[in-house]
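The values are calculated or read from the model by the stated rules, or taken from the named source; none is laboratory data. Predicted model, so just to flag it, every value in this text is computed and none were measured. Note: ideal-geometry Cβ built from the backbone for every residue, glycine included; neighbour counts use all protein chains shown. Areas reflect the complete protein model, heavy atoms only, side chains present, ligands, DNA and RNA absent. Shrake-Rupley method; radii C 1.70, N 1.55, O 1.52, S 1.80 Å.
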Amino acid sequence: MPGAPLPLSSIELRDPFWLAWQGAFLSKGLGHQWRQLEETGRLDNFRRAARGEKGGFEGYYFNDSDVFKWLEAASYALAGHPGWEGADLVEQTVSIVQDAQAPDGYLDTAFQLGDMDERWRALTAKHEMYCMGHLMEASVAHKSATGSDDLLNVGRKAADLLVETFGPGRRKGYCGHQEVELALCALGAAVGRDEYASLARWMVEERGSRPSPFEAEFADPVGKRLNEGYVPLVMARGTYDGSYFQDHLPLQEQTEAVGHAVRAMYFYCGALDSGASAGSALRTIWSNLVAKRIYITGGIGSAGRNEGFSMDYDLPNREAYSETCAAIGLVMWAARMSRATGDPQYAEWMERALYNAVLSGVNLDTDRYFYVNPLESRGDRHREPWFGCACCPPNIARLTMSVQRYAAYVSDGVLTIDLPWPARYDLSGGSVEVEGDYPFGGDVRVRIEGDVKARLRIPSWAEGTAGHGYRDVRSGETVALRADPVWFGCDPRVPDNFGRATLVQGPFVYCLEEADLGSATHLFFPDIQDTPIEVSRDDQRVRKCLKVGGRIGHPAATPPLYRPPSPVQMEPAEALFVPYFSWDNRTPGTMTVWQHAGQK
Ligand code: FUB
Ligand code: ZN
């Protein structure tokens, strides 16, 4: 039986690392994001719609989703930190959303302020169900944090409208951006309505069948006009190709991770949550992804052109797209695969993505964000306070504020601990406490009370333990999970990484920044063979920094640009490496994840 996630209320997170991130969002990030919602007109769109106005919609047509994602994040904040001072702001925002819903349950302020006769006519582009999906997720989180039905009823009315409008015997249609599928399942489970998950399942299973409802929209003059921006993505050569949003084949027949990365991740999550028939497709797609299409940081979707996947081994560093939301989506999918299969490989990548490609999306203060997460910079990339398309900031807020949900799950009465962070789990038959400093080294201790069984994931990076994978643990047992820093190479088919190596410790990928080196980082050649690597600092936020010996090149800073080849003058040097997630928190400068290897 697939494992079930635990409710937030049954987990007490005690991990200082993640508590510090949550604390930063509580004291700064969530307030900062709400002000952005206000200042950019996202909340005004709802206020105007509530007043029945026409015209005046501000921003991207899917901007409502940012408000919903913020509400979801803020609800987790209330649930996990009852003293948080944002409660009034949450209720104020719920009421702004509530007032805007149309009597039939429809809620999408872009159409409400625009032309309601055009609704549902451009599912390819217009994200109506995507936005409603985020509303539904927020409504479930708000109900469980506050006990109030206020937002839950808004989510239910929207879901009821979808059930009345789409599905077998009704209209064949689903959203160009998957999301509502997993949200319908979550809402259905919260309110006991099986029809919601049935609709989600139907949406997943119909996708990829022919005729495609998306293609038909291009024959409708209204649909064609509204979908115009999507012509290069799905109609590039004049014929329909749905691979951009995974509508090229039924899911069961898909074998590779293709198209827009966030859409793909949410799609696979919806497939698992709804119990859609997928055969072995999800395992096959996963294998393609982790063998050929993922960054060592857990970042996915290397191409900016489609915000997604391109081809095997196409993993450029400086031009990496690696959207924060895509890494978040990977965490969501990997957690579900872990629960569904009990195979430890999924949690390995979930952890890798969490500590690297997800966390790099936000600064330590939580008020600056990367949308795109490069693995190399010439000093020209910096986090920003917000974006016109601001999907990533509230997404990382909702993930961080609920991160403990990814640590463990229950299946057949056994608590499986994928991420043994210090925490306490209260379960129906008893409780489990985890102590230690995972994943920074040392021992993990498990204490069990009552009639509960637990098993622990031993990560592949852990040294000195007997085997990797899952291991049953008894109360009082201590498991040593230590990891030394190691250099990793890369498949030579990845052009950017040929002849390079990267420093890794446990799940953390390390990078070199000009702020520490004092010169451009491409000039440093670490000695990856013999030099011991020292831990030079260990603080609560950035944690371990590593000191590495090597040599540094001094190019003669004189013209001409092109000259006869001559050996570059090299000098011994030491460099400090910092966890990748923490880069760009200081003076802007160059950064590299993959270092020259092998030069003597
Ligand atoms: O389209 C909604 C979101 O905006 C997507 O998930 C992101 O990739 C960005 O395009
Ligand atoms: Zn995003």
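Does residue 71 qualify as being more than 16 Å from ligand 2 (Cβ to nearest atom), surrounded by 20 or more Cβ atoms within 10 Å (Cβ to Cβ) and part of a loop (DSSP other than H, G, I, E, B)? So residue 71 does not fit the description; no.
Per the listing 361, 342, the residue uniquely within 16 Å of ligand 2 (Cβ to nearest atom) and outside the structural domain of residue 463 (by TED's automatic domain parsing) is 361. Consider residue 537 carefully, then state whether it is assigned to a loop (DSSP other than H, G, I, E, B) and either under 18 Å from residue 586 (Cα atoms) or modelled with pLDDT of 95 or more (or both). Against the criterion (assigned to a loop (DSSP other than H, G, I, E, B) and either under 18 Å from residue 586 (Cα atoms) or modelled with pLDDT of 95 or more (or both)), residue 537 does not qualify. Taken over the range 372-411, the criterion of being within 16 Å of ligand 2 (Cβ to nearest atom) and not in a loop (DSSP other than H, G, I, E, B) is satisfied by 384, 392, 393, 394, 395, 396, 397, 398, 399, 400. One residue stands out in the range 317-334 among those that are open to solvent by less than 10 Å² (accessible area, probe 1.4 Å) and not in a helix (DSSP H, G or I): the one that is farthest from ligand 2 (Cβ to nearest atom), namely 317. Of the residues examined, residue 94 is not one that is within 16 Å of ligand 2 (Cβ to nearest atom) and open to solvent by less than 40 Å² (accessible area, probe 1.4 Å).
Yes or no, residue by residue, for (1) buried (at least 22 other Cβ atoms within 10 Å of the Cβ); (2) within 28 Å of the chain's Cα centre (by Cα); (3) outside the structural domain of residue 63 (by TED's automatic domain parsing):
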{"site": "392", "(1), (2), (3)": "yes, yes, no"}
{"site": "399", "(1), (2), (3)": "yes, yes, no"}
{"site": "420", "(1), (2), (3)": "yes, yes, yes"}
{"site": "425", "(1), (2), (3)": "yes, yes, yes"}
{"site": "432", "(1), (2), (3)": "yes, yes, yes"}
{"site": "441", "(1), (2), (3)": "no, yes, yes"}
{"site": "445", "(1), (2), (3)": "no, no, yes"}
{"site": "450", "(1), (2), (3)": "no, no, yes"}
{"site": "470", "(1), (2), (3)": "no, yes, yes"}
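Look at residue 44 and say whether it is open to solvent by 10 Å² or more (accessible area, probe 1.4 Å), out of contact with any helix residue (DSSP H, G or I) (no Cβ under 9 Å at 6 or more places or on another chain), modelled with pLDDT of 95 or more and away from ligand 1 (no atom under 16 Å from the Cβ). No, not satisfied. The helices (runs of 4 or more DSSP H) found wholly in the range 206-309 and carrying at least 3 residues that are crowded, with 24+ Cβ neighbours inside 10 Å and within 14 Å of ligand 1 (Cβ to nearest atom) occupy 261-274.
Among the conditions (1) at pLDDT 95 or above; (2) open to solvent by less than 50 Å² (accessible area, probe 1.4 Å); (3) in a strand (DSSP E or B), the only one that residue 570 does not satisfy is (1).
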